[in-house]
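Chemist: What follows is a structure written as structure tokens; I'll ask about it next.
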Amino acid sequence: MALTQGIVSYTPYQVESAAGPDWKAAVLDGLVRGRVSAIDVAVGRDRTTGFAVFSDPLDTEFTVEKVFFDPLVLFCLRVDRLVVPPSTLRLHVRRRVAEVLAATRRQRLSREEREEVEEQVRADLLRRALPAITACEAVWDTRSNRLRLSTTSQALNEEFTVRAREFLGLELRPLNLVGVLESRLDAEELDQAYHLLPSSFVPAVVADRVSRLEDET
Amino acid sequence: MTTLSMADRMRRAQFLGREFLTWLLVRSAQNDQVFRLSDGREVEVFFERALTLEGENPAREMSTIRVEDPTDSEEVRLALSLGKKVGRARVKMVFQGREYEFVVDSTLALKSVRFPETPLAVDPLEVLADKADAARELEDVLHDLFIAFVRMRLDPERWTVELDEVTAWVGGGS
């Protein structure tokens, strides 16, 4: 992960779901079912998300040997995105529009026709583009039942928790402010904590001075 | 309350994260960086180099102060005395002789974490397992400090005394 590097940004989770006797088989099956697939440009997609192998995120052929390293379970969340740079798209659209005008002997295209051309050009370019790949490493320590994902992106973490639940059967509690409050306080304390009002750390003498100034103005 | 979404619960409770980081800064200055955990063990917490201070509406009122030691900065005290609180800090934590450096914000998110130096291991999986142990220790200590703060915050008598001492420091006391 990033955990293999010197400096790491990550999001920790507590794995809340209990592991059944065949949990390794279930996890392996879930990784295979939830692995990253090709981007389907034909249906208008320019992005895909899924699991990939930890040691080589280009590899999606999961095996026991590539995933389970007692006490660690290792895999990746991979996000592939196809991007056409706006300046490139503009140039190709300009050429295609010129071709259409020449072929139809017209002076200009309607707005709708131009948008249609732009969409076709974009789809053509996306089919030829190489995806930008982001791999976020997931390290699940089965001793502590903590799982760490090497990103702090809220969007990627949301995708990961949904996918972990859907494919791996894992309920993950993020160990952020709310997760810590809800896992460490009892019900009464938690209710009180959610009803606290902010405290002021402003010294009384400063607060009085500010109040007087506000009154004067 | 847990029927609210995570984002709503976070919005509701995030002020506790800002208060926690502010309390941690002030108590670090007052207590020679030493804190006692619930199990009696000690941890040293040093604030370093950069501190982000936020007002009630962080989207509008936010400033980052870069100083060698934020606990010894008049600029930091001034910002706090004007009602700002710590929203993000660069921290060094020493626990049982092991040193962690990280950036923590008011949601307790951890960024740019540098784990303790470990002897060079040949097996990369051994390195990962060691890092998982270190990560757990860091998370447990930080969460322990946070929960100790929240429990104090829920006790009106203890919090009144604590708040007096924190505001006295903000106002220029030691």
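The values are calculated or read from the model by the stated rules, or taken from the named source; none is laboratory data. As the structure is a computational prediction, the values presented were derived from the model and not from experiment. Backbone-built Cβ (ideal geometry, glycine too); neighbour counts: all protein chains shown.
Chemist: Which of (1) within 14 Å of another protein chain (Cβ to nearest Cβ); (2) modelled with pLDDT under 95; (3) in contact with a Lys or Arg (Cβ under 7 Å, 6 or more places away or on another chain) does A:PHE68 not meet, given it meets every other one?
Modeler: For A:PHE68, the exception is condition (2).
Chemist: When the residues of segment A:158-189 are filtered to those that are free of Cβ contacts under 8 Å to residues at least 40 places away in the same chain and more than 8 Å from every other protein chain (Cβ to nearest Cβ), which remaining residue is farthest from A:SER17 (Cα to Cα)?
Modeler: That would be A:GLU188.
Chemist: Sticking with this one: Looking only at residues that are of a type in the set (Gly, Ala, Ser) and in contact with a helix residue (DSSP H, G or I) (Cβ under 8 Å, 6 or more places away or on another chain) in segment B:23-49, which one is surrounded by the fewest Cβ atoms within 10 Å (Cβ to Cβ)?
Modeler: Restricting to residues being of a type in the set (Gly, Ala, Ser) and in contact with a helix residue (DSSP H, G or I) (Cβ under 8 Å, 6 or more places away or on another chain), the top hit is B:SER38.
Chemist: Looking at segment A:54-75, which of its residues are within 20 Å of A:ALA25 (Cβ to Cβ) and either in contact with a Cys (Cβ under 7 Å, 6 or more places away or on another chain) or assigned to a strand (DSSP E or B) (or both)?
Modeler: A:PHE54, A:PHE68, A:PHE69, A:LEU72, A:VAL73, A:LEU74, A:PHE75
Chemist: OK, next. Go over the candidates B:SER73, B:SER81 one by one and state the one that is of a type in the set (Ser, Thr, Tyr), closer than 24 Å to A:PRO203 by Cα and without any contact (Cβ under 8 Å) to a residue 40 or more places away in the chain.
Modeler: B:SER73
Chemist: Right, here's the next one. Residues to consider are A:THR49, A:THR63; find the one that is within 17 Å of the chain's Cα centre (by Cα) and farther than 16 Å from A:ARG148 by Cα.
Modeler: A:THR49
Chemist: Another one. List, please: which pairs have Cβ atoms under 7 Å, are six or more places apart or on different chains, and start with a residue in segment B:101-114 that is facing another protein chain (nearest Cβ under 7 Å) and in a loop (DSSP other than H, G, I, E, B) and end with one that is surrounded by 21 or more Cβ atoms within 10 Å (Cβ to Cβ) and of a type in the set (Val, Ile, Thr)?
Modeler: So the pair list comes out as B:LEU108/A:VAL180.
Chemist: Also, quick follow-up: Take segment B:66-85 and flag every residue that is crowded, with 17+ Cβ neighbours inside 10 Å and away from chain A (no Cβ under 14 Å).
Modeler: B:PRO70, B:THR71, B:SER73
Chemist: Give all pairs with beta carbons closer than 8 Å in which a residue from segment B:129-154 that is more than 9 Å from every other protein chain (Cβ to nearest Cβ) meets a residue that is in a helix (DSSP H, G or I) and aromatic (Phe, Trp, Tyr); count only pairs at least 6 apart in sequence or on separate chains.
Modeler: Note: pairs meeting the criteria are B:LEU145/B:PHE20; B:PHE149/B:PHE20; B:PHE149/B:TRP23; B:MET152/B:TRP159.
Chemist: Are any residues in segment A:195-212 in a helix (DSSP H, G or I) and either of a type in the set (S, T, N, Q) or assigned by TED's automatic domain parsing to the domain that holds A:PRO12 (or both), and if so, which ones?
Modeler: Matches in segment A:195-212: A:SER211 only.
Chemist: Considering only residues that are assigned to a strand (DSSP E or B) and of a type in the set (S, T, N, Q), which ones fall in segment A:107-134?
Modeler: A:THR134
Chemist: Does B:ARG12 meet the test of being surrounded by 12 or more Cβ atoms within 10 Å (Cβ to Cβ), at negative phi and within 14 Å of another protein chain (Cβ to nearest Cβ)?
Modeler: The answer is yes for B:ARG12.
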